[in-house]
Amino acid sequence: EEPKLLNQYRVPWLLLLLVRCSSVLKMDHTENSTEEVDDDKSCSSSHPDSPEMDRNPSPPPEGDEESVEEPDAIGDTVYSKHWLFSTLTRLIEVVTEKESEQGEGLEELSDEHEDELCKVWDMAMDKDVAGFLQEFKAPDILLGVIAKSRCPRLTEICVGILGNMSCFHDTCVSLSQNADLGSVLILLLGDSDPPTLLETCRLLLTCVSQPDVAPLWLERIQQQIATCSNLCFIMHSSTNVELLMKVGELVDKLFDEDEGLMKSWLSGLPSEGDRDKDTHHDIASSLLEAAIQLRNESPEGLEVYLHALQLLTTVDEGVQTLVSEGGCGEALWKFLCDVVCEDLCQPDDPPLILQEQKGLLASALALLSALCSSLHIDISLSLVDSLLRILYFHTENQQSLPNGEQGSENGQTEEVRNEEEKDVQLRVMVEIAAELLSTVLAELPKDTVSELVKKDHLTEKIWVSALKTLLPQNVTAVQCLVSTLSEVEPKLADLLKKECSISSEPNRTRPD
């Protein structure tokens, strides 16, 4: 179905326009040169009886040489219009010639043509060049080439040129108005060539990130029912880190921009055209699969996928999808615990590591918090350990002076705290960690608490700093913990009562 739709887009009459424009420029240049020669002839022959001039002609006016070359330059650049015209003309000629000879599109690109097109790709990053390409309908030409091409490298370059052009507002808006181009680009998400997929995702992400045209692209993406399954297929099957990162950024942006689209993908069923119809993957498990793939390869990519998963939990449909029978909620919980407990904020890390890992921690902890109340699952000692350490690191960073020394001088310490207050992401991460820890502590069995206090690296200072962070909002959870500690570790319990000013115990029954 997709090839049929692609085949309807043929190289348009713009080839004629391209050749005509190129010819006109050449004719103008030739006519100007001819006129200059004629002027010289008329000047020398206007007075046939005049004696021959016995001196050299006067030099041309200053700057005249530059004025001759200026019409061929694109805007303020040094790039040549004639070279660009001839390159695109040769491209179309090669593509159409191959089709007429073999009845099929171009399957292989020569080194010479590839080198020339790569130069155009690079040139398209210039605003003047992008505008010039748009003015002369290059997007329609490239659309026709993509439709005829059977060469993955050629398709990649054409999409890459369009992607560079879309980096500028005016050209992005103009490109986005081309309905045929939009349809073909979205269909290209079903392509099998990773470089082409990468450039397609980059282009779509750029357009969706442009507020003026984002609604148009969101509507197109939602109307093309194969988009979700195509992206899920990439996330499940690809090991290309760069491609997975760009797909994750695209999905994350789509979910952030359009909650309705996210809900429709959560409830989506495989379509007739799905390549993996028999092994259909839902969006949640696909995001998790890609996150697992990127865990050891790219912390930045992992953060993108965890944020996309977090967005799923902002709607009831997302939480239900994760925790329902057959959902990936438990697998996600285990994966998140491994990431938080094994990869982040380790006992031998400096407290400043919190600043570096705040983005990843914020998404991971938000997901754990959302799943905690819905999944009936045992809380690991390692997770409680990590949550205590995160809050302790935060306290240590707040108490640190700019020069790294510890102190209590109000002026300098307040300056550090003010800087942290401005860091919204850090503040949100700490709040989520405190909320999750208070939830866990309120239900922590006695045996688990007993095992927890045996951990040597959980010093009294860590206990005090972490629990102080929970007060006064989560006083009940702290009281529950201290009550249990009074039975298993009275000395620590007394210290916490004193340091945290806890005067009474909660009137409730704790689990054994």
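Val428 to Lys119: FRET efficiency via 1/(1 + (r/R0)^6), r the Cβ-Cβ distance, R0 56 Å, to the nearest 0.05? Numbers along the way, then the final one.
Details: r = 46 Å, r/R0 = 0.82.
Here the calculated transfer efficiency is 0.75.
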Handout entry: Cβ crowding within 10 Å averaged over residues, with 223-232, 463-472 ranked highest first
Key = 223-232, 463-472
Fill in the blank from the handout: When every protein chain stays in place and a 1.4 Å probe is rolled, Phe233, Phe168 sorted by accessible area with the largest first are Phe233, Phe168
Fill in the blank from the handout: Computed ³J(HN,Hα) along the stretch 456-464: with the Karplus parameters 6.51/-1.76/1.60, θ = phi - 60°, integer Hz and x for glycine or proline, the list is 5, 6, 8, 6, 4, 4, 5, 4, 5
Completion exercise
Judged on accessible area alone, 1.4 Å probe, highest first, Tyr392, Tyr305 line up as Tyr392, Tyr305
Exercise for the section: Could you sort out which of Lys358/Lys455; Lys468/Lys491; Lys334/Lys455 sit more than 20 Å apart by Cα distance in this structure? Expected result: Lys358/Lys455; Lys334/Lys455
Exercise for the section: Give a residue-ordered list of calculated ³J(HN,Hα) values for the stretch 304-315 (Karplus: 6.51 cos²θ - 1.76 cosθ + 1.60, θ = phi - 60°; whole Hz; x for Gly, Pro). Expected result: 4, 5, 5, 5, 5, 5, 4, 4, 4, 7, 7, 10
Practice task
For the stretch 371-392 and the stretch 305-328, write down the distance between their C-alpha centroids in whole Å.
Solution key: 19 Å
Exercise for the section: Could you tell me which of rounded, prolate or oblate describes the stretch 159-273, using a ≥ b ≥ c as the square roots of the eigenvalues of the alpha-carbon gyration tensor, with rounded for a/c under 1.5 and, failing that, prolate when a/b is larger than b/c and oblate otherwise? Expected result: oblate
Practice task
Answer rounded, prolate or oblate for the stretch 204-331, using the Cα gyration tensor with square roots of eigenvalues a ≥ b ≥ c: rounded when a/c is under 1.5, else prolate when a/b is larger than b/c, else oblate.
Solution key: rounded
Completion exercise
Computed about the Cα centre, the charge dipole of the stretch 104-261 from +1 Lys/Arg and -1 Asp/Glu charges at the Cβ has a magnitude in debye, to the nearest 20, of 300 debye
Practice task
Can you tell me the dipole magnitude for the stretch 303-380 around its Cα centre, using point charges on the Cβ only (Lys, Arg +1; Asp, Glu -1), in Debye to the nearest 20?
Solution key: 180 debye
Fill in the blank from the handout: Using alpha carbon centers only, the stretch 160-229 is separated from the stretch 231-249 by a whole-angstrom value of 16 Å
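Scan the stretch 436-484 for GluC sites (Glu not before Pro) in coil per DSSP, keeping those whose Cβ has at most 13 other Cβ atoms within 10 Å, and list them by number. Let's see the in-between values first.
Details: sites: Glu443, Glu451, Glu460; in loops: Glu443.
For GluC sites (Glu not before Pro) across the stretch 436-484 that sit outside H, G, I, E and B with at most 13 neighbouring Cβ atoms in 10 Å, the list reads Glu443.
When you count, for each residue, the other Cβ atoms within 10 Å and take the mean per peptide, how do 344-351, 307-314, 490-497 rank with the highest first?
So the order, starting with the most tightly packed, is 307-314, 490-497, 344-351.
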Completion exercise
Rounded to the nearest 10 Å², the 1.4 Å probe accessible area of Trp83 is 70 Å²
Handout entry: Whole-Hz ³J(HN,Hα) from phi, Karplus 6.51 cos²θ - 1.76 cosθ + 1.60, for the stretch 146-157, glycine and proline x
Key = 4, 5, 8, 5, 10, 10, x, 5, 5, 4, 4, 5
Handout entry: Too-long pairs where the Cα-Cα distance tops 23 Å, listed order kept, from Lys446/Lys497; Lys461/Lys498; Lys137/Lys253; Lys461/Lys497
Key = Lys137/Lys253
Handout entry: Those residues of the stretch 329-360 whose amide nitrogen sits under 19 Å from the label point placed on Ile292, 7 Å along Cα→Cβ
Key = 329-343
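The values are calculated or read from the model by the stated rules, or taken from the named source; none is laboratory data. Being a predicted model, the structure only gives us computed values, none of them experimental. Neighbour counts run over all protein chains shown; Cβ positions are idealised from the backbone, glycine included. All accessible areas refer to the heavy atoms of the entire protein, side chains included, with ligands and DNA or RNA removed. Shrake-Rupley method; radii C 1.70, N 1.55, O 1.52, S 1.80 Å.
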